[in-house]
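Okay, structure first, notes after.
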Amino acid sequence: MQEFITTYRSQIIFLVVVVISYVVLMWLTRFSTNWVRTRLERKYNLNNSKTIKLLKRMLGTLWTVLALMSFSYVFLNDQLQVLVKENFYLMLYIGIVTVLTIGIGAFVQLFFNQRIDERRYTNEDATNLIFLKYVALTAISILGLILVVLAFPKLQGLAKTALGGAGILAVVIGIASQEALGNIVSGMFIIAFKPFKIGDIIKVTEEQMGTVHNITLRHTVIKNFQNKMIVIPNSIINKEKVTNYTLEDQKICQWLTFGISYDSDIDLAKKIIKEECEKHPFLIDNRSYTDKQNGVEKVQVRVVNLGDSSVDIKAWAWASTFGEAFNMKSDLLESIKKRFDKEGVEIPYPHRTLVYKEAKPRIKNESGQEHIKNQEMVLN
């Protein structure tokens, strides 16, 4: 036994050091991750347990793989030992880069989330910070990927070969990523010029309308009034005419149009519309001092069109916000329709003139010659 220990003394010492190092590293990993999690929960009232558990597992796996490689190093010949040594440093490098990338990304995300919550708490616009968060996280991920790729000599050679054909590669990449780059540039324009921000109510099309929920590098997310998320690429939304209902002055003029029959009393209809509008609690007085002096009415009601079947009357009613304007319009459509029914103001159905042609029978005249008789019926 003593002879065995004397012969393999250096190998035994090496294995003991590996075991001690492995135990110490596993303990440090567990202690540090628990300390970070506790500090986050106490100081920031946050729970990043998923990210911390991921880092803990990755570090544990890394230390285990390196320990196994170190153990195998003792029992291999010189040629294989050189190979294991190279792979050992490669594995250590990739593991450290990966852990640092995830850790730095989590820290950056925590930093931006704190600043975003502070701005939201003070009712400030956080759109710029949210967009910068995505930019920073993307940059960190790309940098980590590049550092990992540089660790493989074969991939470095492939990169040099690709750079040799950079002209063709640039054309191919430019065509393939034109839409993606367009979305990124359009997103930067949205952040820079701020046609809208997170929390604004916007309308891109009749189907694409709601509250801006998020703005990323690639797309803008809108939550519509049915609580569904609409994802619109930035390049598309940047080309459309966007209506923003949430501006510094959020007052909205709500239009109400009614068609009455030609036999109905126009003055009575205008009186009913005006009275119902003025009774609604969401109606506001948007008249200037000059308008009041000149006798401009609080709710203007006018005949705007003489249609085929109806006389069209429009009312202009102001509300403080888009939401109140929508509710006011719904209420007034119902109350005015009930007043019309009660006081005899008719909302007509469309009128159409139909011409009905029967079959054309052949008949003989007095001279015995045949001719076709036309029969028509006009229905109103």
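Points worth noting:
- In the set R362, R302, R287, only one residue is modelled with pLDDT under 90 and closer than 30 Å to N244 by Cβ; that residue is R287.
- For Q300, the criteria (1) closer than 29 Å to V135 by Cα; (2) surrounded by 12 or more Cβ atoms within 10 Å (Cβ to Cβ) hold in every case but one, which is (1).
Yes/no per residue for (1) farther than 19 Å from K241 by Cβ; (2) modelled with pLDDT of 80 or more:
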| site | (1), (2) |
| --- | --- |
| I173 | yes, no |
| S177 | yes, no |
| G182 | no, no |
| I201 | no, yes |
| G210 | no, yes |
| I222 | no, yes |
| F225 | yes, yes |
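Per-residue answers, yes or no, for (1) part of a loop (DSSP other than H, G, I, E, B); (2) at pLDDT below 55; (3) among the acidic types (D, E); (4) surrounded by 10 or more Cβ atoms within 10 Å (Cβ to Cβ):
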| position | (1), (2), (3), (4) |
| --- | --- |
| W318 | no, no, no, yes |
| A325 | no, no, no, yes |
| L332 | no, no, no, yes |
| K342 | no, no, no, no |
| Y349 | yes, no, no, no |
| V355 | no, no, no, no |
| G368 | yes, no, no, no |
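- Filtered residues of region 198-246 (kept if in a loop (DSSP other than H, G, I, E, B) and at positive phi): G199, N227
- Here region 53-92 is the region considered, the condition is being assigned to a helix (DSSP H, G or I) and among the aromatic types (F, W, Y), and the residue that is surrounded by the most Cβ atoms within 10 Å (Cβ to Cβ) is W63.
- Boolean, I52 is touching a Lys or Arg at 6+ places or on another chain (Cβ under 6 Å) and either at pLDDT 80 or above or at negative phi (or both): yes
- Near pairs, Cβ below 7 angstrom, 6+ apart or cross-chain, from region 118-138 (at negative phi and surrounded by 15 or more Cβ atoms within 10 Å (Cβ to Cβ)) to any residue that is in a helix (DSSP H, G or I) and of a type in the set (G, A, S): F131/G187; L137/G105
- In region 17-49, residue modelled with the lowest pLDDT [restricted to those that are among the β-branched types (V, I, T) and either part of a loop (DSSP other than H, G, I, E, B) or more than 19 Å from L100 (Cβ to Cβ) (or both)]: T38
- The criterion of being basic (K, R), out of contact with any Asp or Glu (no Cβ under 7 Å at 6 or more places or on another chain) and either in contact (Cβ under 8 Å) with a residue 12 or more places away in the chain or not in a strand (DSSP E or B) (or both) holds for K292.
- For E276, the conditions (1) part of a helix (DSSP H, G or I); (2) under 24 Å from S335 (Cβ atoms); (3) modelled with pLDDT under 90; (4) not small (G, A, S) are fulfilled apart from (3).
- For E276, the conditions (1) free of Cβ contacts under 8 Å to residues at least 60 places away in the same chain; (2) among the charged types (D, E, K, R); (3) buried (at least 17 other Cβ atoms within 10 Å of the Cβ) all hold with the exception of (1).
The values are calculated or read from the model by the stated rules, or taken from the named source; none is laboratory data. Values in this document were obtained by computation on a predicted structure and should not be read as measured data. Ideal geometry is used to build each Cβ from the backbone, glycine not excepted, and the neighbour counts take in all protein chains shown.
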